[in-house]
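Read the structure below first, then the notes.
The values are calculated or read from the model by the stated rules, or taken from the named source; none is laboratory data. The structure displayed is predicted, hence computed values, not measured ones. No Cβ is skipped: glycine too gets one built from the backbone with ideal geometry, and neighbour counts run over all protein chains shown. Each accessible area value is taken on the protein alone, full model and side chains, heavy atoms only, with ligands, DNA and RNA left out. Shrake-Rupley method; radii C 1.70, N 1.55, O 1.52, S 1.80 Å.
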Amino acid sequence: MEIAYTLAATLAAYLIGSLSFAVIVSRLMGLNDPRTYGSGNPGATNVLRSGNKRAAILTLVFDALKGFVPVLLVKIYGPRFGFGDGTVALVGLAAFLGHVWPVFFRFVGGKGVATAAGVLLGIEPLLGLATLLTWAIIAFFFRYSSLAAIVAAVFAPFYQLLIWGGGPIAVTVTIMGLLLVWRHSANIQKLLKGTESKIGQKAAPSAPVPAPHHPGGKHGHHDQHRHGHGAKR
């Protein structure tokens with residue numbers, strides 16, 4: 001029965017993680033789908049590019065909560081079902097994977113920064129705070145959310161291993177860190193090229209659709225002929 005309970009908790013965490021709040025909040029607030037502008041990433045940073053700070057904050061909070069709450073519930077109520085660190089690690093990873101590959105949104109999700117932060121806070125508050133502080137320092141000095149996320153993702157496993165040791169929790173933190181860096185591969189290329197958007201920068205407007213061109217059509221020949229007569233005059 002313990003295995004069945006563990007699988008049920010893991011599945012529930014994945015389904016909760018699959019709720020893409022960037023899309024949900026944007027729809028409820030009458031905003032454009034965040035997958036259609038900016039980086040196309042359904043996350044709080046991209047929602048902020050819409051210019052609506054409230055929507056971005058709500059997205060950030062709910063994306064973090066869907067990682068934090070499942071882990072916290074397992075830590076509080078899990079012992080009566082025989083859950084240990086292994087189940088906590090599985091549930092946290094499942095919530096994160098749900099955000100990255102959400103079943104409710106055709107498995108196209110965000111990068112997972114906020115959800116990973118929520119998972120870390122649920123696993124060990126000090127680990128989560130240390131990782132968030134790392135993100136905040138890099139973001140403050142460099143103004144790049146992606147760079148801050150990459151640095152924090154790299155440091156989080158080291159914090160876990162150096163202070164709290166190995167085990168299944170360390171495995172989950174390491175997997176999340178590696179996936180976060182991988183999910184930011186396009187951002188790494190932009191950072192190297194100097195084209196990455198900074199925090200708070202609004203999404204660029206869509207390029208205007210060019211007018212149809214008829215180089216060999218009758219209208220084009222007629223207009224050219226008419227303008228030619230005008231030039232002679």
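Counting only complete DSSP H runs, which helices of the chain cover 24 Å or more along their long axis at the Cα atoms and score a mean Kyte-Doolittle of 1.0 or above?
The answer, listed by residue number, is 53-77, 125-142.
Take Thr59, Thr6, Thr174, Thr195 and sort them by solvent-accessible surface of the protein heavy atoms, 1.4 Å probe, largest at the top.
Thr195, Thr174, Thr6, Thr59
With all protein chains present and a 1.4 Å probe, how do Glu196, Glu2 order by accessible area, largest first?
Greatest to least solvent exposure: Glu2, Glu196.
Work through the residues other than Ala56 whose Cβ is under 11 Å from its Cβ and net out their charges, Lys, Arg +1 and Asp, Glu -1.
Net charge in that neighbourhood comes out at +2.
Would you pull out the residues with amide H under 5 Å of Glu196's amide H, same chain only if 5 or more places away, H placed 1.01 Å from N?
Counting only residues 5 or more places away or on other chains, the set is Leu191.
Among [x] 14.3; [y] 18.6; [z] 11.4, find the value of mean projected area of the Cα convex hull in nm² that was calculated from the structure presented, and write down its label.
Entry [y].
What whole-number value in Å² describes the accessible area per residue of the chain for a 1.4 Å probe?
Result: 58 Å² of accessible area for each residue.
Using helices alone, I'd like the mean residue ellipticity at 222 nm for the chain: each DSSP H run of four-plus residues gives -39500 (n - 2.57), total over residue count, nearest 500.
-21500 deg cm²/dmol
Sequence neighbours fewer than 8 away in the same chain don't count; with that in mind, list the aspartates and glutamates whose C-alpha is under 17 Å from Lys111.
Result set, ordered by chain and number: Asp33, Asp63, Glu196.
Could you tally the net charge around Ile169, taking each other residue with its Cβ under 12 Å from the Cβ of Ile169, Lys/Arg +1 and Asp/Glu -1?
-1
Determine how large the accessible area of Ile123 is when every protein chain is in place; take a 1.4 Å probe and give Å² rounded to the nearest 10.
Surface open to solvent at Ile123 totals about 10 Å².
Using a 1.4 angstrom probe on heavy atoms only, work out the carbon and sulfur share of the accessible area of the chain in %.
Roughly 68 percent, rounded to a whole number.
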